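J.: Dropping the structure in here first, questions after.
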Amino acid sequence: MPDIVPRCRVNVPFTKEQIKATFRGCDRDRDGRLSKEELNAGFQRLDSHLPCWRAWWALHRADANGDGYIGEGELDDLVKYAFKQGYEVNVARFLEARGMLEDALEVATDPDYRFDLAIQLGRLGTAKVMFPSTLIGAGENWTLMKSISVTEYLNYEVDTLYRSDFFPGLGWMLSKSIWDELSPKWPKAYPL
């Protein structure tokens, strides 16, 4: 049975050179200056939680001449600011972006991300491990499992899975054994 969570560190801090290259790559018009929009794109590439705010703040910290752009001479101050934020490269997503899905699956730690990778790779045994038989995930995972033919690949009977609308917005699904236990106690206000 595959491990659910790998035992290794999967995020690696960006180096200053990588941060500089990231921002240079966002200079869309190739004028050697970074606008607020280009800074925003750079912080998005660094996976900032608030890229627009970071871009605004970086512009105010690094724009020494006040022209509203980060020029080549101001780039080092921008890189210092971004480096202090501690951005990291998610190795699993880095590998996935380069088509190395098998390797990404091995190092990914987020269960939902691992589930998605397992489905993409057709590793349905791994997907089944991520999808326990007593309480089966919510909404989107249920739809994915049904779409890949639950009966053929995972040895579930079609009648084994029940979807409940009792928890709107959550889309809970129950296994047959759980439903058999709950159905006699199910409120009469919510008929079957």
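The values are calculated or read from the model by the stated rules, or taken from the named source; none is laboratory data. Computed from a predicted model, the values in this text were never measured in an experiment. Heads up, the Cβs are rebuilt from the backbone with ideal geometry, glycines too, and the neighbour counts pull from every protein chain shown.
J.: When residues of region 25-43 are filtered for being surrounded by 15 or more Cβ atoms within 10 Å (Cβ to Cβ) and either of a type in the set (S, T, N, Q) or over 20 Å from GLY73 (Cβ atoms) (or both), how many remain? First the steps, then the outcome.
T.: Going residue by residue through region 25-43, those that are surrounded by 15 or more Cβ atoms within 10 Å (Cβ to Cβ) are 26-27, 33-36, 38-43.
Among the residues that remain, those that are also either of a type in the set (S, T, N, Q) or over 20 Å from GLY73 (Cβ atoms) (or both) are: 35, 40-41, 43.
Going through region 25-43 one residue at a time, the tally reaches 4.
J.: So, one more: Quickly run through region 58-80 and pick out the residues that are of a type in the set (D, E, K, R) and within 20 Å of ARG28 (Cβ to Cβ). Full working, then the answer.
T.: Of all residues in region 58-80, those of a type in the set (D, E, K, R) come to 61, 63, 67, 72, 74, 76-77, 80.
Residues satisfying the conditions are ASP63, ASP67, GLU72, GLU74.
J.: Same structure, new question: Would you mind stating whether ARG54 is of a type in the set (Lys, Arg), without any contact (Cβ under 8 Å) to a residue 12 or more places away in the chain and assigned by TED's automatic domain parsing to the domain that holds VAL12?
T.: Answer is no for this residue.
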